[in-house]
Every structure is written in structure tokens, then in C-alpha cells.
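First the structure, in the form of C-alpha cells, and then the observations on it.
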Amino acid sequence: MDVFREMDEIFVRILARWDDDFSSAGAGFSGPVPVKHELCTGDEGDPAETSVTDTRATEPVPEIIPHPDGVTVAVELPGVTEENLNLSVRGPSLLIEAVSADTVYATRAPLPTDADPATIRHSLKNGVLEVSFGKRAAID
């Protein structure tokens with residue numbers, strides 16, 4: 001088998017698994033749409049299509065902090081208020097969706113298997129969201 005065909009097959013498997021992960025996260029999580037197209041005119045008046053990054057959509061990177069009593073997920077969400085924040089646990093992930101005056105945020109954070117969704121607590125202070133989970137009780 002040639003190396004390029006093997007690489008193509010690896011990429012197909014990775015993309016299929018990635019699609020499965022996001023589709024299993026649930027229909028309610030759509031995530032941001034990072035690119036939009038605009039039709040502009042050039043110097044001579046000729047139309048030219050350009051891709052522009054949508055400055056309203058962003059996917060912040062969550063920080064996952066394990067501790068002896070559970071786990072805390074921290075993420076920066078400048079300008080977000082409690083009214084514009086949506087948290088949900090879908091499978092092994094915490095989904096975070098929020099809107100500020102000029103930005104749409106959507107991200108997910110993988111949770112450890114012993115995180116207990118029933119113990120979720122959160123605080124939003126100065127644009128920093130902290131979501132904490134306790135550990136599930138050990139089954140003997």
C-alpha cells in the first residue's frame with residue numbers, strides 16, 4: 001500500500017470519529033460559524049468574493065483543573081452575563097454557550113469519567129467562568 005493512500009485512510013477515520021463525537025454531543029449544540037462570505041467590488045468595479053472571519057464567533061479554550069474533590073473548568077468569556085450563559089452536560093463533555101454584546105462563544109470541555117454532573121456549580125466573575133464538579137461516589 002502506498003503511503004499517501006494509507007494517510008488518506010487515517011484522515012477519513014479521524015474525521016469520521018470527530019463527526020461522531022460532535023453529533024453525539026446533541027442537537028442543541030451548534031457551535032459558532034467562524035467564516036462568512038462577502039461580495040465586494042474591486043478597484044475596477046469587478047465583483048470579487050472574499051472570505052472574512054466572523055469577529056462575533058469564537059471558541060474559547062477551556063482550562064481543565066483536576067483536584068482531589070473533583071474537577072474545575074475555567075474559561076474566559078469577556079462581557080458575558082448570567083442571562084446570556086448556557087451550560088449543559090452531554091455525555092462526557094461540558095458544553096458552554098454564551099453571548100456578549102459583540103461576541104458569540106461556544107466550546108466544549110471533556111470531563112473526567114468520575115465527574116458527577118449532579119454536583120455542577122458555577123461562578124461568573126470579571127469575564128471568567130468557573131464550573132466545578134464533585135466526584136461520583138465510588139461503587140464497591
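FYI, it's all coordinate maths here, none of it is from the lab. Everything numeric here is computed off the predicted structure, so don't read it as measured data. Because the Cβ atoms are built from the backbone with ideal geometry, glycine has one as well, and the counts that use them run over all protein chains shown.
Brief remarks follow.
- Net charge of Cβ neighbours under 13 Å - reference Thr113; Lys, Arg +1; Asp, Glu -1: 0
- The order of Thr107, Thr119, going from fewest to most other C-beta atoms within 10 Å of their C-beta, is Thr119, Thr107.
- Cβ-Cβ FRET estimate between Val61 and Asp8, R0 fixed at 30 Å, reported to 0.05: 0.55
- The amide H of Thr119, built 1.01 Å from its N in the peptide plane, has Gly134 as neighbours under 5 Å, considering only residues 5 or more places off or on other chains.
- Sequence-ordered 3J(HN,Hα) estimates for the stretch 93-102 from the Karplus curve with 6.51, -1.76 and 1.60 and θ = phi - 60° stand at 10, 9, 9, 10, 10, 7, 9, 10, 4, 10 Hz, glycine and proline given as x.
- Alpha carbon centroid spacing (whole Å) that separates the stretch 66-119 from the stretch 2-16: 33
- Long-range amide H partners of Val104 with built H, under 5 Å: Ala57, Thr58
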